[in-house]
Amino acid sequence: MTIELEIINPLNYKGWDNLVLSKRGHSIFHSSAWAKVLHESYGFKPLYFALINNGRMDALIPFMEVKSILTSKKGVSLPFSDYCVPIIPENNGFGEIFTFLIESGKKFGWKSIEIRNGNIFAQDLLPAAYYYQHTLDLSINNDEQIFSNFRGSTKRNIKKAIREGAKATMCDSLNSINEFYQLNCQTRKEHGLPPQPYHFFKKIYEHIISKRLGFVVLASYNNKVIAGAVYFHFGTNAIYKYGASMKEYQNLRVNNLIMWEAIKWYSQNGYKNFSFGRTEPENLGLLQFKEGWGAKEEIIKYYKYDLRRGEFVKDFSRVTGLHNKIFNRMPMPLLKIIGTVLYKYMG
């Protein structure tokens, strides 16, 4: 038996966010705001598979249709999202739901279906890729207690940044997004990656920051902006989404100060969970940084189903490799052009 789901466009569905907020496991990535960012930045087509009965959402697996450079299409749940937990009925009819997804994907001409954070799949099923996620419990709502749970080096780094005279400021202006974008371009180049297009960050400002669903924290030293981070929140859940900093000032440890300012704000304003986002297993430096905050570590599994072969497959895309060295040596104007062209095909 196949469960019939309704295919919804959240961009024009009245009351969408209230439906999402009523379900456990929701995140900013299920929201209409994030759907607008993805659709307007990259032209991805939203196809949200939902089961709604009497004004109640019983199931939701949101997809964006992404076109590849070679014109083939795929369904991704969801592009550029750290995780997107499928919301399924309490009696768990995911087998029937996935059958419907497969049938629909074939009708749409998709090459594959990708689900990010497939906690509903069998534990022995080989994932396409996996990442680490760190989540900090803010329900204790006590800054001192939260701080006391940090690793010793994390505490010392926060104090060092303050002692050196660095300042962290919460911002919600377009100018703060512009400041962060410049830092992000430099950081991406250092990592050997093209930056996301400016239009993407402008849409984040338009649909998330300006709607009080997120903010930017900028760190300055001697009146110069040297680091920044972008945070999203939805319901009682928050996430650290993007970070960037000037390499020559890393000894000041301002990234620790930025994170602490955001955590304090979320704690003081009633948020219950703070996610540090996803981390690649090979990114040992970032893993070490995130492990210092007393957060719970868990694995996020991504699954990819090849519709032509009729089976789950590994994802062979690589974050590190020769391409990093090539991108690192490119001039910034060329990198920006490459980023603008490539990201709409990646997802």
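The values are calculated or read from the model by the stated rules, or taken from the named source; none is laboratory data. These numbers were taken from a predicted model, which means no experiment stands behind them. Every residue, glycine as well, gets a Cβ built from its backbone with ideal geometry; the counts of neighbours run over all protein chains shown.
Data overview
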quantity: Pairs with Cβ under 7 Å, 6+ apart, first in the stretch 104-122 and at positive phi, second of a type in the set (Ser, Thr, Tyr); calculated: ASN117/TYR83
quantity: Test: residue in the stretch 96-107 that is of a type in the set (Gly, Ala, Ser), in the same structural domain as GLU261 (by TED's automatic domain parsing) and surrounded by 14 or more Cβ atoms within 10 Å (Cβ to Cβ); calculated: no
quantity: Subset of the stretch 270-299 [outside any helix (DSSP H, G or I) and hydrophobic (A, V, I, L, M, F, W, C)]; calculated: PHE274, PHE276, TRP293, ALA295, ILE299
quantity: Selection count where residues are crowded, with 17+ Cβ neighbours inside 10 Å, of a type in the set (Ser, Thr, Tyr) and in contact with a strand residue (DSSP E or B) (Cβ under 6 Å, 6 or more places away or on another chain), scope the stretch 165-205; calculated: 2
quantity: Some residue of the stretch 256-275 being within 19 Å of VAL76 (Cβ to Cβ), in contact with an Asp or Glu (Cβ under 7 Å, 6 or more places away or on another chain), of a type in the set (Gly, Ala, Ser) and not assigned by TED's automatic domain parsing to the domain that holds ASP124; calculated: no
quantity: Failed criterion for LYS264 (all others in (1) under 17 Å from the mean Cα position of the chain (by Cα); (2) assigned to a helix (DSSP H, G or I); (3) touching a residue at least 40 places away in the same chain (Cβ under 8 Å) hold); calculated: (1)
quantity: All positions within the stretch 33-74 that are under 27 Å from PHE121 (Cβ atoms) and among the small types (Gly, Ala, Ser); calculated: ALA35, ALA50, ALA59, SER68, SER72
quantity: Output for the stretch 288-347, where each listed residue is over 23 Å from LEU183 (Cβ atoms), among the aromatic types (Phe, Trp, Tyr) and at pLDDT 85 or above; calculated: TYR302, TYR303, TYR305, PHE312
quantity: Verdict on PHE29 being of a type outside the set (Asp, Glu) and in contact with a helix residue (DSSP H, G or I) (Cβ under 7 Å, 6 or more places away or on another chain); calculated: no
quantity: Cross-chain or 6+ apart pairs with Cβ under 6 Å, the stretch 232-258 first and more than 18 Å from THR169 (Cα to Cα) and of a type in the set (Phe, Trp, Tyr), then at pLDDT 95 or above and buried (at least 23 other Cβ atoms within 10 Å of the Cβ); calculated: PHE234/ILE28; PHE234/SER31
quantity: Number of the condition not met by TYR240 [criteria: (1) within 17 Å of SER267 (Cα to Cα); (2) part of a helix (DSSP H, G or I); (3) not acidic (Asp, Glu)]; calculated: (2)
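Per-residue answers, yes or no, for (1) closer than 30 Å to PHE215 by Cα; (2) of a type in the set (Phe, Trp, Tyr):
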{"position": "LEU19", "(1), (2)": "yes, no"}
{"position": "HIS26", "(1), (2)": "yes, no"}
{"position": "PHE29", "(1), (2)": "yes, yes"}
{"position": "TRP34", "(1), (2)": "yes, yes"}
{"position": "VAL37", "(1), (2)": "yes, no"}
{"position": "LEU51", "(1), (2)": "no, no"}
{"position": "LEU78", "(1), (2)": "yes, no"}
{"position": "PHE100", "(1), (2)": "no, yes"}
